[in-house]
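Participant: Have a look at this one before I ask anything.
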Amino acid sequence: MEISELVESVDILDYISQFTDFEEKNDEYWALSPLKEEKTPSFSVRRETQQFYDFSSGKGGNVLSFIQCYFKCSFPKALDILKTYAGVTGEITQRQKLPATAVAKRFKPPKNHQKIEKSVILPPDCMEKYEKRADKLAVWEAEGITPEVMEKYQVAYDAVSNRIVYPIKNINGDIINIHGRTLFPDFKERKLRKYTYFYPLGVQSTIYGVSDNMESIREKGEVILFEGAKSVMQADVWGFDNCGAVLTSHLSPEQMKILIKLGCRVVFALDKDVKITDDQNIRKLKRFVKVEYVKDTKGLIGNKDSPVDAGEEIWRKLYEGRLLWRQVDSLGI
């Protein structure tokens, strides 16, 4: 395999998302720089060119350039890191180009890059290699997730990475990825992400928890959508077993199609700092199904909190006071 082929096989946004959290704005993805501390997002990734640029440090380039910057390593070492991530073995070669060819490529318009679905179905027993260690899972139990609910969602412990792990399933209940939350308190110093996927994510084409809660969703004619999987588990503890998670701050086109097929009422309970009216896919969704929205208008939760973060009583108040889409539009929220 040539270096260019290796680089093209890895989506740069997927890779850098291991180290920082992105937000999409006008087809460009912005985040706090993983290369230096900052308070205002100045790190940009453009998917169509597969390039990053860090305005805070002036550094930019492709995924290999990022690896060299992030790990402060040589090009050969960066190549080894990328090979490991991509699951590539064998020798990597560099194609020799005529000078004229190289110059022409610089002025060649970038190809319209589309994210490719990389998810594969994992073995049904893939979670069995992880441990059900009560002493490790006690971290989440102390935060309100009961052992029964953790059992339902197959929460376990990975001793190799020291993470609490749980499966990500497609709409049919097949496991397509594993998500993990580090238990290292100094994860930033170790240059680890708090949450990470164990396999390349690909297109976000599933809604966490829906396959586990399909019976209740259909019975109630409603699905409540959070951002994170842990919020789904917390709500389940309180008897809300018709929930799912979009696993990010916005709705993908593939997730929108899933909700249209479900045909039930959709209640968005995203984190407080998310403005629902900015999401074009949610706007499209409301043409097909009834859309409601949980909104904290009384300052009951923190600015970046999930609606379940302040406890059951506050969650019930927020859920009972949910708004119809037309109310969301008219209030400008």
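The values are calculated or read from the model by the stated rules, or taken from the named source; none is laboratory data. What you see is a predicted model, and the numbers here were worked out from it, not measured in a lab. Please note: Cβ atoms are built from the backbone with ideal geometry, for glycine as well, and neighbour counts cover all protein chains shown. Calculation scope for accessible area: heavy atoms of the full protein, side chains included, ligands and nucleic acids excluded. Shrake-Rupley method; radii C 1.70, N 1.55, O 1.52, S 1.80 Å.
Participant: Which of (1) touching a residue at least 24 places away in the same chain (Cβ under 8 Å); (2) of a type in the set (Ser, Thr, Tyr); (3) in a loop (DSSP other than H, G, I, E, B) does residue 40 not meet, given it meets every other one?
Facilitator: (1)
Participant: Just for segment 161-203: of the residues that are touching a residue at least 12 places away in the same chain (Cβ under 8 Å) and of a type in the set (Lys, Arg), which one is surrounded by the most Cβ atoms within 10 Å (Cβ to Cβ)?
Facilitator: Per the criteria, the residue is 163.
Participant: Could you tell me which residue of segment 290-307 is modelled with the lowest pLDDT, considering only residues that are in a loop (DSSP other than H, G, I, E, B) and in contact with a strand residue (DSSP E or B) (Cβ under 7 Å, 6 or more places away or on another chain)?
Facilitator: 295
Participant: Which members of segment 275-292 meet the condition of being buried (at least 20 other Cβ atoms within 10 Å of the Cβ) and under 22 Å from residue 231 (Cα atoms)?
Facilitator: If the condition is that a residue be buried (at least 20 other Cβ atoms within 10 Å of the Cβ) and under 22 Å from residue 231 (Cα atoms), then 276, 282, 291, 292 are the ones that fit.
Participant: Pick from segment 262-289 the residues that are in contact (Cβ under 8 Å) with a residue 40 or more places away in the chain and part of a loop (DSSP other than H, G, I, E, B): which of them is farthest from residue 243 (Cα to Cα)?
Facilitator: Here the residue is 275.
Participant: Now for a different question. Quick one: which of 244, 221 is more than 29 Å from residue 25 (Cα to Cα), small (Gly, Ala, Ser) and out of contact with any Ser or Thr (no Cβ under 7 Å at 6 or more places or on another chain)?
Facilitator: When all the criteria are applied, what remains is 221.
Participant: Another question, then. Out of everything in segment 8-32 that is open to solvent by 50 Å² or more (accessible area, probe 1.4 Å) and within 13 Å of the chain's Cα centre (by Cα), what residue ends up being farthest from residue 277 (Cα to Cα)?
Facilitator: 21
Participant: Hey, another quick one. Any idea which residue in segment 40-58 is nearest to residue 29 (Cα to Cα), counting only those that are open to solvent by 60 Å² or more (accessible area, probe 1.4 Å) and among the polar types (S, T, N, Q)?
Facilitator: If we take residues in segment 40-58 being open to solvent by 60 Å² or more (accessible area, probe 1.4 Å) and among the polar types (S, T, N, Q), then 51 is nearest to residue 29 (Cα to Cα).
Participant: What number of residues within segment 214-235 are buried (at least 24 other Cβ atoms within 10 Å of the Cβ) and more than 15 Å from the chain's Cα centre (by Cα)?
Facilitator: Here the count works out to 5.
Participant: Here is a list: 181, 190. Which entry is under 20 Å from the mean Cα position of the chain (by Cα) and within 29 Å of residue 38 (Cβ to Cβ)?
Facilitator: Testing whether each residue is under 20 Å from the mean Cα position of the chain (by Cα) and within 29 Å of residue 38 (Cβ to Cβ) leaves just 181.
Participant: Looking only at segment 268-285, count every residue that is closer than 12 Å to residue 307 by Cα and not charged (D, E, K, R) and tell me the total.
Facilitator: 4
Participant: What pairs come out if I take residues in segment 314-333 that are more than 13 Å from residue 293 (Cα to Cα) and at pLDDT 95 or above and pair them with residues that are among the polar types (S, T, N, Q) and surrounded by 18 or more Cβ atoms within 10 Å (Cβ to Cβ) whose C-beta lies under 8 Å away, six or more apart or interchain?
Facilitator: none
Participant: Determine whether residue 241 is surrounded by 16 or more Cβ atoms within 10 Å (Cβ to Cβ), of a type in the set (Asp, Glu), in contact with a helix residue (DSSP H, G or I) (Cβ under 8 Å, 6 or more places away or on another chain) and not in a loop (DSSP other than H, G, I, E, B).
Facilitator: Spelling it out, it is not the case that residue 241 is surrounded by 16 or more Cβ atoms within 10 Å (Cβ to Cβ), of a type in the set (Asp, Glu), in contact with a helix residue (DSSP H, G or I) (Cβ under 8 Å, 6 or more places away or on another chain) and not in a loop (DSSP other than H, G, I, E, B).
Participant: When you scan segment 153-161, do you find a residue that is touching a Pro at 6+ places or on another chain (Cβ under 7 Å) and in a loop (DSSP other than H, G, I, E, B), even just one?
Facilitator: yes
Participant: In this structure, does residue 5 turn out to be part of a helix (DSSP H, G or I), at pLDDT below 90 and open to solvent by 30 Å² or more (accessible area, probe 1.4 Å)?
Facilitator: Answer is yes for this residue.
Participant: Please determine whether any residue of segment 68-86 is open to solvent by 30 Å² or more (accessible area, probe 1.4 Å) and in a strand (DSSP E or B).
Facilitator: Looking for residues that are open to solvent by 30 Å² or more (accessible area, probe 1.4 Å) and in a strand (DSSP E or B), one finds none in segment 68-86, hence no.
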